[in-house]
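Contents: one structure, followed by commentary.
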Amino acid sequence: MHGLREGGLREEWIAVSKQIEGNSESWALVNGERRTVPSGVTLMDLVLSLGLEPDRLAVELDREIVKRERWPATSVPSGAVLEIVQFVGGG
């Protein structure tokens, strides 16, 4: 999982997120796309709201892979950078 690590995109995103802190809505960068998320939303809430099947995903939160069993208890902080990768089978 990569793409958001290089260059100044992450630093720019942190600056933008600090400008909007204190708002009742949080912002997260999900696979390079800025999204508004409710304050206190968990990784599981976010995955389900995106219509994704949790069994076929890996989630990286701020450069750290989060184990699936931790998703319901892991809040998405304002300004978080997430990479969500869906596994695809085939032959």
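The values are calculated or read from the model by the stated rules, or taken from the named source; none is laboratory data. Here the structure is a predicted model, which means the values were calculated and not measured. Here Cβ is always computed from backbone atoms with ideal geometry, including for glycine, and neighbour counts include all displayed protein chains. Please note that ligands, DNA and RNA were not included when accessible areas were found on the heavy atoms of the full protein model with its side chains. Shrake-Rupley method; radii C 1.70, N 1.55, O 1.52, S 1.80 Å.
Here are the numbers:
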| quantity | calculated |
| --- | --- |
| Sorted peptide list for 27-33, 48-54, criterion being average Cβ within 10 angstrom, highest first | 27-33, 48-54 |
| Mean Cα-pair separation over length for segment 27-83, i.e. relative contact order, pairs under 8 Å, 6 or more apart, % | 49 |
| Of all accessible heavy-atom area on segment 39-91, the percent that carbon and sulfur account for (1.4 Å) | 50 |
| Residues Arg35 and Lys67, FRET efficiency given R0 of 25 Å [Cβ-Cβ distance, rounded to 0.05] | 0.65 |
